[in-house]
Amino acid sequence: MHSDKIFLTYLKENDIKGINEIYLLFAGKVKGYILNNSGNADDAADIFQEALIDIFHLANKPDFVLTCPFEAFLFIICKRKWLNELKKRSQKPVTELHDYVSYSEDSVKVVEVYANQIEEEHTIMAILETMGDRCKSIIKACMGTDSQSIIAEKLGLSYAYLRKKKSECMSQLRNLVADHPVFKNK
Amino acid sequence: MSEDLFHKITDYLDGMLSPEERQQFEEALHVNKKLSEATALEKRIQEVISQREASDSKVDSLKTTLKEKNKTHFLTPDAPKKKTSLKRYLWPTMGIAASIAVILIISLQYTNPVGSLDTLPTIAYETVRGTEEDGSTKAIDAYNDREYAASVVLFSELSEKHDEAIRYKHFLGLSYFGSEDWKETIETLKPIADGESLFKDEASYFTALAAKKLEQYELAITYASSISEESNYYAKAQKLLKKIKKDLSK
C-alpha cells in the first residue's frame, strides 16, 4: 500500500482539513491541464470533483489497494475524464501535456484498470436510472440492508410478488448492461 | 430448460434455491458459458448497486465539502455588476403586465370541459370491503392520494392474487388513467366495459376518454355512445362525444 493512502482516508472520512490539503497539492495541476486543453475553470472544478468522488467509491471497496502515488492516480483519472468529455463535445485535445505530473507507465496501467472499473460502474448506475420507477425502487430497496420480507411490507407487496418482480427487473437490468458498448466490447 | 435457468440467476445469488435446484444450477454453471457470464455480471451489478446505496449519504456530505472547496480553488470571481436604470425595464414590464391581465380575463370566461371530463372518481372503502385484509386499503389510499404509480403496482398485485375480482382490475385501469398510460388504460378497462358488471359504464367512459387521448376516435365514439342514459356518466359522455365531433370537423 502506498504511503499516500492518507488521502484516501481524508476522502472516506470527509476530513475537511485533509480535503483542503488535496486541493492545495493537486488542484492547480489539473486546472492547468484542462485550461490548456480547451476547458475553463468550471470544467476543471467539475472534473476534479467527479474524480475525487470516483476515488471515494474505489477507496470504500475492501479489495482496493493504492499502489502508486495519489497525485498520479488522481491526475490520470482527471485526464481520462477530460479527454472523454472533449470527445463527447466532438473536440480534439489541443495539446497532450505530460509534464504537469510525472508518472510511470506502470502507474498508467494500474490506473487504467481502475478507470475502466469506474466507467463500468457509472454505466450500471446510469442504466438503472433509465428503468421504470417500479423496477428502480424494487432493485434499490433490495440492495439495501433490510430483509426482503421487510421491504415487501414497506412497499405494500406480498413477499412472493416482490421476489418475482425483483427477478424480472434484475434480468432486464442485466440484459441492458450486457448490451451496452462498455460491456459488450470487453 | 436453459431459459428457465437464466430466470433463476437472482434466486441463486440470493440463496433462495432448494438444495436440488442449487445443485442443478451449479452443474449448469460449469458447462454453460453464457449462464456463467450472466451470473457473474448480475453478481457484479448487485455489488455495485449495494455499495452505492450504502454510501449514498456519505457521498452527499462529501459533495457538499468538495463544492465549497471548488469555490476557493477553481472558480473565478463574478464580474462586477453594472448599475442599471429602472427606466430600461418600465415599458417592457407594462407590456407584460397588460398581457397577463388579458390572459386572466380570458381564462375566467373560458371553461375547458375536457379538463373536468378527466376527473377520476374517488374510491370509497365500502366498495372493496372484503372478508380479510388483503392490502386493498394501501392501494386505495395511494389512488385517492393521486400516487398513481404506487396504486398501479398495488392494484396489479391485487388483480393477480384475486383474478376473479373485477373491482381490482377496474381500479387498476383507473390508476393507469391517472398515470396517463392511455394504452394500458384501454387494455385493462375495455374487457370490463364489454362485460355486465356494475363498473361497466365507468369503464366505458374512461376507455372512451383514453382512446380520445390517443386520437382513436372510432373507439372513443363506440364506448362513449354505449353508456346508458341512467348512468352518472351519461352527461359527461355526451359532452365528450360533442368534443370528439368538434375535433374531427377541424
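Laboratory data are not the source of any read-out in this text; all were calculated from the coordinates shown. This structure is a prediction, so every number in the text was calculated from the model and none was measured. When we count neighbours, we look across all protein chains shown, and the Cβ atoms used for this are built from the backbone with ideal geometry, even at glycine.
The aspartates and glutamates whose alpha-carbon is closer than 19 Å to the alpha-carbon of A:K184, local same-chain residues fewer than 8 away aside, are A:E112, A:E119, A:E120, A:E121, B:E37, B:E42. Distance between Cα centroids, region A:135-157 to region B:196-250: provide it in whole Å. So the two Cα centres are separated by 40 Å.
For the residues of B:49-62, the average number of beta carbons from a partner chain within 10 Å of their own beta carbon is 5. A crude spin-label estimate for the pair B:E229 and B:N32, with each label 7 Å from Cα along the Cβ direction, gives 6.4 nm. Pairs over the 29 Å Cα-Cα cut-off, from the set B:K33/B:K58; A:K79/B:K33; B:K8/B:K161; A:K79/B:K69; B:K161/B:K242: B:K33/B:K58; A:K79/B:K33; B:K161/B:K242.
By the count of neighbouring beta-carbon atoms within 10 Å, fewest first, B:H170, A:H180, A:H57 end up ordered A:H180, A:H57, B:H170.
Rounded to two decimals, the Cα radius of gyration of region B:148-250 over 2.2 N^0.38 Å is 1.06. Each of B:V153, A:V113, B:V59 has some number of other Cβ atoms within 10 Å of its Cβ, and from fewest to most they run A:V113, B:V59, B:V153. Estimated from the Cβ-Cβ distance and a Förster radius of 41 angstrom, the FRET efficiency linking B:K246 and A:M131 is about 0.55.
Sort region B:2-60 into rounded, prolate or oblate with this rule: let a ≥ b ≥ c be the square roots of the eigenvalues of the Cα gyration tensor; rounded if a/c is under 1.5, and if a/c is not under 1.5, prolate when a/b is larger than b/c, oblate otherwise. Prolate, since a/c reaches 1.5 and a/b exceeds b/c.
Let me have the relative contact order for chain A, percent, based on Cα pairs under 8 Å that are six or more residues apart. About 19 percent, as a whole number.
Per residue of peptide B:136-149, the mean number of Cβ atoms on other chains within 10 Å of the residue Cβ is 1.
Pairs spanning more than 30 Å between alpha-carbon atoms, out of A:K88/A:K136; A:K61/A:K109; B:K190/B:K245; A:K164/B:K67; A:K165/B:K63; A:K140/B:K212: A:K164/B:K67; A:K165/B:K63; A:K140/B:K212.
Taking each DSSP H run with n ≥ 4 as -39500 (n - 2.57) and averaging over every residue of chain A yields -22000 deg cm²/dmol at 222 nm. Could you tell me which of rounded, prolate or oblate describes chain A, using a ≥ b ≥ c as the square roots of the eigenvalues of the alpha-carbon gyration tensor, with rounded for a/c under 1.5 and, failing that, prolate when a/b is larger than b/c and oblate otherwise? It is prolate, given that a/c is not under 1.5 and a/b is the larger ratio. Taking 0.36 nm per residue of sequence separation and removing the Cα-Cα distance, the B:D163/B:E147 pair yields an extension gain of 3.4 nm. Tell me whether region A:96-186 comes out rounded, prolate or oblate; compute the Cα gyration tensor, take square roots of the eigenvalues as a ≥ b ≥ c, and use a/c under 1.5 as the rounded threshold. It comes out prolate by the Cα gyration axes. For peptide A:113-123, the mean count of partner chain Cβ atoms within 10 Å of a residue's Cβ comes to 1.
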